[in-house]
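S.K.: Handing you this structure, nothing more for now.
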Amino acid sequence: MNSDIITLAHGSGGKMMQELIAQELLPLCDEELGRGLEDAAELQVPGERLIFTTDSFTVQPLEFPGGDIGKLCICGTVNDLAMRGARPLYISLSLIIEEGLEFNLLRRVLASIGNAARETGAAIVTGDTKVVQRGKADGLFINTTGIGEPLQQRSPGATRALVGDKVLLNGPLGEHGIAVLVAREDLQLQSELESDCAALAGLVEAMLQVGGEAVHVLRDPTRGGLAAALNEIATASQVGIETEESYLPRNPAVTGACEILGLEPLEVANEGKLVAMVAPEVAEKVLAAMKEHPLGRQSAIIGEVVEGDRVTMKTALGTSRIIDMPSGELLPRIC
(Lines give C-alpha, C1' and ligand atoms only; values in the text may rest on other atoms or scores of the structure.)
Protein backbone atom coordinates (compact mmCIF):
# COMPACT_ATOMS: atom_id res chain seq x y z
CA MET A 1 0.00 0.00 0.00
CA ASN A 2 1.30 3.45 -0.89
CA SER A 3 -0.54 5.37 1.81
CA ASP A 4 -1.15 5.24 5.55
CA ILE A 5 -4.74 6.42 5.06
CA ILE A 6 -7.59 5.54 2.73
CA THR A 7 -8.01 7.95 -0.19
CA LEU A 8 -10.61 8.22 -2.94
CA ALA A 9 -8.11 6.50 -5.25
CA HIS A 10 -8.58 3.31 -3.20
CA GLY A 11 -12.13 3.11 -4.57
CA SER A 12 -11.45 4.16 -8.15
CA GLY A 13 -11.22 0.72 -9.74
CA GLY A 14 -7.52 1.21 -10.55
CA LYS A 15 -4.18 0.09 -9.15
CA MET A 16 -4.67 1.34 -5.59
CA MET A 17 -8.05 -0.35 -5.31
CA GLN A 18 -6.53 -3.60 -6.58
CA GLU A 19 -3.79 -3.34 -3.96
CA LEU A 20 -6.35 -2.71 -1.21
CA ILE A 21 -8.36 -5.76 -2.25
CA ALA A 22 -5.38 -8.06 -2.70
CA GLN A 23 -3.55 -7.10 0.49
CA GLU A 24 -6.34 -6.39 2.95
CA LEU A 25 -9.58 -8.01 1.78
CA LEU A 26 -8.74 -11.22 -0.07
CA PRO A 27 -7.14 -12.83 3.02
CA LEU A 28 -10.59 -12.72 4.62
CA CYS A 29 -12.24 -14.60 1.75
CA ASP A 30 -12.84 -18.32 1.42
CA GLU A 31 -9.83 -19.83 -0.37
CA GLU A 32 -11.95 -21.80 -2.84
CA LEU A 33 -14.97 -19.58 -3.47
CA GLY A 34 -13.97 -16.02 -2.69
CA ARG A 35 -10.56 -15.36 -4.20
CA GLY A 36 -11.33 -15.34 -7.90
CA LEU A 37 -11.73 -11.52 -8.08
CA GLU A 38 -15.15 -12.00 -9.67
CA ASP A 39 -18.02 -9.57 -9.11
CA ALA A 40 -20.25 -12.55 -8.31
CA ALA A 41 -19.54 -15.95 -6.76
CA GLU A 42 -20.78 -19.33 -7.94
CA LEU A 43 -22.17 -21.29 -4.99
CA GLN A 44 -23.09 -24.95 -4.67
CA VAL A 45 -26.13 -25.52 -2.46
CA PRO A 46 -28.00 -28.81 -2.00
CA GLY A 47 -29.55 -29.72 -5.31
CA GLU A 48 -28.55 -26.65 -7.33
CA ARG A 49 -26.05 -23.93 -8.23
CA LEU A 50 -26.59 -20.24 -7.53
CA ILE A 51 -24.77 -17.04 -8.48
CA PHE A 52 -24.43 -14.58 -5.59
CA THR A 53 -23.32 -10.94 -5.55
CA THR A 54 -23.38 -7.86 -3.32
CA ASP A 55 -22.83 -4.20 -4.15
CA SER A 56 -23.01 -0.69 -2.68
CA PHE A 57 -23.98 2.53 -4.43
CA THR A 58 -22.84 6.01 -3.44
CA VAL A 59 -23.27 7.99 -6.66
CA GLN A 60 -23.38 11.78 -6.48
CA PRO A 61 -25.63 13.42 -7.60
CA LEU A 62 -28.42 11.00 -6.72
CA GLU A 63 -30.22 11.86 -9.97
CA PHE A 64 -28.37 12.28 -13.26
CA PRO A 65 -29.25 12.30 -16.98
CA GLY A 66 -30.37 8.80 -17.92
CA GLY A 67 -30.93 7.48 -14.42
CA ASP A 68 -30.62 7.81 -10.67
CA ILE A 69 -29.20 5.83 -7.75
CA GLY A 70 -32.33 3.65 -7.73
CA LYS A 71 -32.10 2.50 -11.33
CA LEU A 72 -28.34 2.19 -10.91
CA CYS A 73 -28.52 -0.12 -7.90
CA ILE A 74 -30.80 -2.60 -9.66
CA CYS A 75 -28.97 -2.53 -12.99
CA GLY A 76 -25.57 -2.81 -11.30
CA THR A 77 -26.66 -5.82 -9.25
CA VAL A 78 -28.31 -7.55 -12.21
CA ASN A 79 -25.24 -6.93 -14.35
CA ASP A 80 -22.89 -8.52 -11.82
CA LEU A 81 -25.07 -11.64 -11.94
CA ALA A 82 -25.29 -11.54 -15.73
CA MET A 83 -21.50 -11.40 -16.11
CA ARG A 84 -21.43 -14.90 -14.58
CA GLY A 85 -24.10 -16.05 -17.03
CA ALA A 86 -27.01 -15.90 -14.58
CA ARG A 87 -30.65 -14.87 -14.83
CA PRO A 88 -31.52 -12.57 -11.88
CA LEU A 89 -33.99 -13.99 -9.37
CA TYR A 90 -33.89 -12.14 -6.03
CA ILE A 91 -32.49 -8.87 -4.71
CA SER A 92 -32.17 -7.48 -1.19
CA LEU A 93 -32.31 -3.73 -0.70
CA SER A 94 -30.73 -1.80 2.17
CA LEU A 95 -30.99 1.98 2.49
CA ILE A 96 -28.83 4.33 4.54
CA ILE A 97 -30.73 7.61 4.49
CA GLU A 98 -29.32 10.92 5.67
CA GLU A 99 -31.46 13.08 7.90
CA GLY A 100 -32.82 15.93 5.78
CA LEU A 101 -33.29 14.02 2.53
CA GLU A 102 -36.42 15.23 0.75
CA PHE A 103 -39.25 12.70 0.78
CA ASN A 104 -40.10 13.45 -2.86
CA LEU A 105 -36.55 12.58 -3.91
CA LEU A 106 -36.69 9.34 -1.94
CA ARG A 107 -40.02 8.47 -3.54
CA ARG A 108 -38.60 9.07 -7.02
CA VAL A 109 -35.65 6.80 -6.27
CA LEU A 110 -37.91 4.07 -4.89
CA ALA A 111 -40.11 4.31 -8.01
CA SER A 112 -37.02 3.83 -10.17
CA ILE A 113 -36.03 0.80 -8.11
CA GLY A 114 -39.47 -0.73 -8.59
CA ASN A 115 -39.54 -0.04 -12.34
CA ALA A 116 -36.04 -1.43 -12.91
CA ALA A 117 -36.72 -4.55 -10.86
CA ARG A 118 -39.93 -5.28 -12.74
CA GLU A 119 -38.19 -4.84 -16.10
CA THR A 120 -35.45 -7.33 -15.18
CA GLY A 121 -37.79 -9.86 -13.58
CA ALA A 122 -35.89 -9.75 -10.28
CA ALA A 123 -37.96 -9.79 -7.09
CA ILE A 124 -37.01 -7.55 -4.15
CA VAL A 125 -37.47 -9.92 -1.22
CA THR A 126 -35.83 -8.38 1.87
CA GLY A 127 -33.89 -5.37 3.06
CA ASP A 128 -33.04 -2.92 5.80
CA THR A 129 -33.40 0.80 6.46
CA LYS A 130 -31.20 3.07 8.57
CA VAL A 131 -31.34 6.85 9.07
CA VAL A 132 -28.14 8.66 10.09
CA GLN A 133 -27.46 12.20 11.22
CA ARG A 134 -27.31 15.09 8.82
CA GLY A 135 -23.94 15.19 7.06
CA LYS A 136 -23.18 11.49 7.59
CA ALA A 137 -24.40 9.87 4.37
CA ASP A 138 -24.46 12.44 1.55
CA GLY A 139 -28.18 11.98 1.04
CA LEU A 140 -28.58 8.29 0.38
CA PHE A 141 -26.44 5.16 0.17
CA ILE A 142 -27.85 1.85 -1.09
CA ASN A 143 -26.56 -1.69 -0.59
CA THR A 144 -27.90 -4.67 -2.53
CA THR A 145 -27.45 -8.42 -2.67
CA GLY A 146 -28.45 -10.44 -5.71
CA ILE A 147 -29.08 -14.12 -6.32
CA GLY A 148 -29.28 -15.56 -9.82
CA GLU A 149 -29.82 -18.82 -11.66
CA PRO A 150 -26.98 -20.00 -13.98
CA LEU A 151 -28.11 -20.36 -17.58
CA GLN A 152 -25.60 -23.07 -18.45
CA GLN A 153 -23.46 -25.74 -16.83
CA ARG A 154 -20.19 -23.82 -16.96
CA SER A 155 -20.38 -20.14 -16.12
CA PRO A 156 -18.31 -17.46 -17.86
CA GLY A 157 -15.41 -16.35 -15.68
CA ALA A 158 -12.40 -14.05 -15.70
CA THR A 159 -9.96 -17.01 -15.73
CA ARG A 160 -11.41 -18.60 -18.89
CA ALA A 161 -9.99 -16.37 -21.67
CA LEU A 162 -8.05 -18.42 -24.24
CA VAL A 163 -5.52 -17.40 -26.87
CA GLY A 164 -7.43 -16.82 -30.10
CA ASP A 165 -10.64 -15.63 -28.44
CA LYS A 166 -12.24 -12.58 -30.03
CA VAL A 167 -12.92 -9.54 -27.85
CA LEU A 168 -16.44 -8.12 -28.23
CA LEU A 169 -17.86 -4.84 -26.92
CA ASN A 170 -21.55 -3.88 -27.04
CA GLY A 171 -21.29 -0.11 -27.58
CA PRO A 172 -19.58 3.24 -26.95
CA LEU A 173 -17.57 3.79 -23.79
CA GLY A 174 -17.74 6.39 -21.04
CA GLU A 175 -21.34 7.56 -21.27
CA HIS A 176 -22.17 6.93 -17.60
CA GLY A 177 -19.06 8.47 -16.09
CA ILE A 178 -19.19 11.59 -18.23
CA ALA A 179 -22.96 12.08 -17.72
CA VAL A 180 -22.54 11.89 -13.94
CA LEU A 181 -19.53 14.22 -13.99
CA VAL A 182 -21.32 16.79 -16.15
CA ALA A 183 -24.35 16.73 -13.83
CA ARG A 184 -22.22 16.94 -10.67
CA GLU A 185 -20.14 19.87 -11.84
CA ASP A 186 -22.98 21.53 -13.81
CA LEU A 187 -20.78 21.67 -16.90
CA GLN A 188 -22.19 23.28 -20.02
CA LEU A 189 -21.58 21.12 -23.09
CA GLN A 190 -23.02 21.53 -26.57
CA SER A 191 -24.24 17.93 -26.69
CA GLU A 192 -26.58 16.43 -24.12
CA LEU A 193 -25.16 13.27 -22.57
CA GLU A 194 -27.08 10.51 -20.83
CA SER A 195 -25.84 7.61 -18.75
CA ASP A 196 -25.89 4.22 -20.44
CA CYS A 197 -27.29 2.71 -17.21
CA ALA A 198 -29.08 -0.50 -18.23
CA ALA A 199 -29.61 -4.09 -17.15
CA LEU A 200 -27.66 -6.45 -19.41
CA ALA A 201 -29.25 -9.78 -18.46
CA GLY A 202 -31.36 -9.99 -21.61
CA LEU A 203 -28.39 -9.22 -23.85
CA VAL A 204 -26.28 -11.84 -22.09
CA GLU A 205 -29.03 -14.44 -22.45
CA ALA A 206 -29.17 -13.76 -26.20
CA MET A 207 -25.39 -14.17 -26.43
CA LEU A 208 -25.40 -17.45 -24.52
CA GLN A 209 -28.24 -18.86 -26.62
CA VAL A 210 -26.01 -18.81 -29.70
CA GLY A 211 -22.55 -19.02 -28.11
CA GLY A 212 -23.12 -21.27 -25.12
CA GLU A 213 -19.99 -22.16 -23.18
CA ALA A 214 -17.83 -20.76 -25.99
CA VAL A 215 -18.62 -17.37 -24.42
CA HIS A 216 -15.65 -17.68 -22.09
CA VAL A 217 -15.56 -14.32 -20.28
CA LEU A 218 -18.06 -11.55 -19.58
CA ARG A 219 -17.17 -8.40 -17.66
CA ASP A 220 -18.94 -5.05 -17.25
CA PRO A 221 -16.37 -2.23 -17.38
CA THR A 222 -17.61 -0.04 -14.51
CA ARG A 223 -15.05 1.71 -12.27
CA GLY A 224 -11.75 1.96 -14.14
CA GLY A 225 -13.56 1.48 -17.45
CA LEU A 226 -12.49 -0.87 -20.23
CA ALA A 227 -8.81 -0.41 -19.33
CA ALA A 228 -9.32 -1.91 -15.87
CA ALA A 229 -11.61 -4.69 -17.11
CA LEU A 230 -9.19 -5.88 -19.79
CA ASN A 231 -6.25 -5.81 -17.40
CA GLU A 232 -8.19 -7.78 -14.79
CA ILE A 233 -9.08 -10.44 -17.37
CA ALA A 234 -5.53 -10.61 -18.73
CA THR A 235 -4.13 -11.11 -15.23
CA ALA A 236 -6.74 -13.68 -14.19
CA SER A 237 -6.38 -15.74 -17.40
CA GLN A 238 -2.61 -15.18 -17.77
CA VAL A 239 -2.94 -13.97 -21.36
CA GLY A 240 -2.36 -10.86 -23.41
CA ILE A 241 -5.07 -8.85 -25.15
CA GLU A 242 -4.65 -6.85 -28.36
CA THR A 243 -7.29 -4.30 -29.35
CA GLU A 244 -7.60 -1.82 -32.19
CA GLU A 245 -8.63 1.79 -31.64
CA SER A 246 -10.46 2.11 -34.97
CA TYR A 247 -12.76 -0.78 -34.06
CA LEU A 248 -14.09 0.86 -30.89
CA PRO A 249 -17.71 2.09 -31.09
CA ARG A 250 -17.77 5.80 -30.28
CA ASN A 251 -20.09 8.45 -28.93
CA PRO A 252 -18.75 11.77 -30.34
CA ALA A 253 -20.14 13.70 -27.36
CA VAL A 254 -18.13 11.54 -24.93
CA THR A 255 -15.01 11.81 -27.08
CA GLY A 256 -15.33 15.59 -27.16
CA ALA A 257 -15.99 15.87 -23.43
CA CYS A 258 -12.99 13.68 -22.63
CA GLU A 259 -10.76 15.84 -24.83
CA ILE A 260 -11.95 19.00 -23.06
CA LEU A 261 -11.61 17.49 -19.57
CA GLY A 262 -8.33 15.67 -20.23
CA LEU A 263 -9.81 12.22 -19.57
CA GLU A 264 -9.02 8.86 -21.15
CA PRO A 265 -12.28 7.31 -22.46
CA LEU A 266 -10.93 3.81 -21.83
CA GLU A 267 -10.77 4.59 -18.10
CA VAL A 268 -14.21 6.20 -17.72
CA ALA A 269 -16.96 4.16 -16.04
CA ASN A 270 -19.85 2.49 -17.85
CA GLU A 271 -23.07 1.00 -16.46
CA GLY A 272 -24.62 -0.54 -19.57
CA LYS A 273 -21.65 -2.04 -21.36
CA LEU A 274 -19.99 -5.43 -21.38
CA VAL A 275 -16.81 -6.88 -22.84
CA ALA A 276 -16.73 -10.54 -23.83
CA MET A 277 -14.04 -13.07 -24.75
CA VAL A 278 -15.59 -15.50 -27.23
CA ALA A 279 -14.17 -18.51 -29.09
CA PRO A 280 -13.42 -17.50 -32.71
CA GLU A 281 -15.69 -20.13 -34.26
CA VAL A 282 -18.82 -18.57 -32.71
CA ALA A 283 -17.73 -14.92 -32.50
CA GLU A 284 -19.66 -13.75 -35.57
CA LYS A 285 -22.83 -15.54 -34.44
CA VAL A 286 -22.57 -13.97 -30.98
CA LEU A 287 -21.92 -10.56 -32.54
CA ALA A 288 -25.00 -10.91 -34.74
CA ALA A 289 -27.13 -11.81 -31.72
CA MET A 290 -25.79 -8.78 -29.85
CA LYS A 291 -26.63 -6.43 -32.73
CA GLU A 292 -30.22 -7.68 -32.78
CA HIS A 293 -30.68 -6.69 -29.12
CA PRO A 294 -31.56 -3.06 -28.24
CA LEU A 295 -28.51 -2.82 -25.95
CA GLY A 296 -26.13 -4.17 -28.58
CA ARG A 297 -26.91 -2.27 -31.78
CA GLN A 298 -23.38 -0.83 -31.95
CA SER A 299 -21.55 -3.99 -30.91
CA ALA A 300 -18.19 -4.73 -32.49
CA ILE A 301 -15.25 -7.10 -32.38
CA ILE A 302 -12.49 -4.88 -31.03
CA GLY A 303 -9.56 -7.26 -30.63
CA GLU A 304 -8.18 -10.69 -29.83
CA VAL A 305 -6.68 -12.64 -26.94
CA VAL A 306 -2.99 -13.39 -27.56
CA GLU A 307 -0.05 -14.94 -25.79
CA GLY A 308 1.75 -12.70 -23.31
CA ASP A 309 0.72 -10.62 -20.32
CA ARG A 310 0.00 -7.14 -21.69
CA VAL A 311 -3.06 -5.28 -22.88
CA THR A 312 -2.23 -3.23 -25.97
CA MET A 313 -4.06 -1.11 -28.52
CA LYS A 314 -3.19 -0.42 -32.13
CA THR A 315 -3.70 3.30 -32.68
CA ALA A 316 -5.06 5.17 -35.68
CA LEU A 317 -1.45 6.01 -36.56
CA GLY A 318 -0.55 2.34 -36.83
CA THR A 319 1.51 2.30 -33.64
CA SER A 320 0.83 0.15 -30.60
CA ARG A 321 0.47 1.43 -27.05
CA ILE A 322 0.18 -0.37 -23.73
CA ILE A 323 -3.16 -0.06 -21.95
CA ASP A 324 -2.18 -0.23 -18.30
CA MET A 325 -4.34 -0.61 -15.21
CA PRO A 326 -5.61 2.92 -14.38
CA SER A 327 -3.98 4.71 -11.47
CA GLY A 328 -4.93 7.74 -9.39
CA GLU A 329 -8.29 9.06 -8.29
CA LEU A 330 -10.11 8.86 -11.66
CA LEU A 331 -13.79 9.85 -11.24
CA PRO A 332 -15.03 9.23 -7.70
CA ARG A 333 -18.66 8.66 -6.69
CA ILE A 334 -19.93 7.49 -10.09
CA CYS A 335 -21.61 4.28 -8.89
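The values are calculated or read from the model by the stated rules, or taken from the named source; none is laboratory data. Quick caveat, the model's predicted, so the values are computed rather than measured. As a convention, Cβ positions derive from the backbone with ideal geometry for all residues, glycine included, and neighbour counts pool all protein chains shown.
S.K.: Which number in (1) of a type outside the set (A, V, I, L, M, F, W, C); (2) in a loop (DSSP other than H, G, I, E, B); (3) within 30 Å of Gly66 (Cα to Cα); (4) out of contact with any Cys (no Cβ under 6 Å at 6 or more places or on another chain) marks the one condition that Asn231 misses?
M.R.: Condition not satisfied by Asn231: (2).
S.K.: Considering only residues that are in contact with a Cys (Cβ under 9 Å, 6 or more places away or on another chain) and aromatic (Phe, Trp, Tyr), look in segment 47-95 and name the one that is farthest from Gly148 (Cα to Cα).
M.R.: Checked segment 47-95; the qualifying residue farthest from Gly148 (Cα to Cα) is Phe64.
S.K.: Could you list, in sequence order, the residues of segment 244-263 that are under 19 Å from the mean Cα position of the chain (by Cα) and β-branched (Val, Ile, Thr)? Show your work before the answer.
M.R.: Here is the first cut: in segment 244-263, the residues under 19 Å from the mean Cα position of the chain (by Cα) are 248-251, 254, 263.
Val254, the sole residue that qualifies.
S.K.: Name every residue in segment 128-152 that is more than 23 Å from the chain's Cα centre (by Cα) and either modelled with pLDDT of 95 or more or of a type in the set (A, V, I, L, M) (or both), in order of residue number.
M.R.: Selection gives Asp128, Thr129, Lys130, Val131, Val132, Gln133, Arg134, Ala137, Gly139.
S.K.: Being in contact with a strand residue (DSSP E or B) (Cβ under 6 Å, 6 or more places away or on another chain) and either crowded, with 16+ Cβ neighbours inside 10 Å or not in a loop (DSSP other than H, G, I, E, B) (or both), is that true of even one residue in segment 258-268? Outline the logic, then answer.
M.R.: Of segment 258-268, the ones in contact with a strand residue (DSSP E or B) (Cβ under 6 Å, 6 or more places away or on another chain) are none.
No.
S.K.: Give the residue that is surrounded by the fewest Cβ atoms within 10 Å (Cβ to Cβ), with candidates limited to residues of segment 269-291 that are of a type in the set (Lys, Arg) and touching a residue at least 12 places away in the same chain (Cβ under 8 Å).
M.R.: Applying the first criterion (of a type in the set (Lys, Arg)) to segment 269-291 yields 273, 285, 291.
From what is left, the residues that are touching a residue at least 12 places away in the same chain (Cβ under 8 Å) are 273, 285.
Details: Lys273: 29, Lys285: 15.
Step by step, filter segment 269-291, then rank; the result is Lys285.
S.K.: Which one is farthest from Lys71 (Cα to Cα) among residues in segment 269-300 that are basic (Lys, Arg) and not in a helix (DSSP H, G or I)? Talk me through it step by step, then tell me what you get.
M.R.: Of segment 269-300, the ones basic (Lys, Arg) are 273, 285, 291, 297.
Filter again for not in a helix (DSSP H, G or I), leaving 273, 297.
Numbers: Lys273: 15, Arg297: 22 Å.
Once the filter is applied, the top-ranked residue is Arg297.
S.K.: Here is a further query. Which residue, of Ala183, Ala236, Ala214, Ala206, is in contact with a Phe, Trp or Tyr (Cβ under 6 Å, 6 or more places away or on another chain) and surrounded by fewer than 22 Cβ atoms within 10 Å (Cβ to Cβ)?
M.R.: After applying the criteria, what remains is Ala183.
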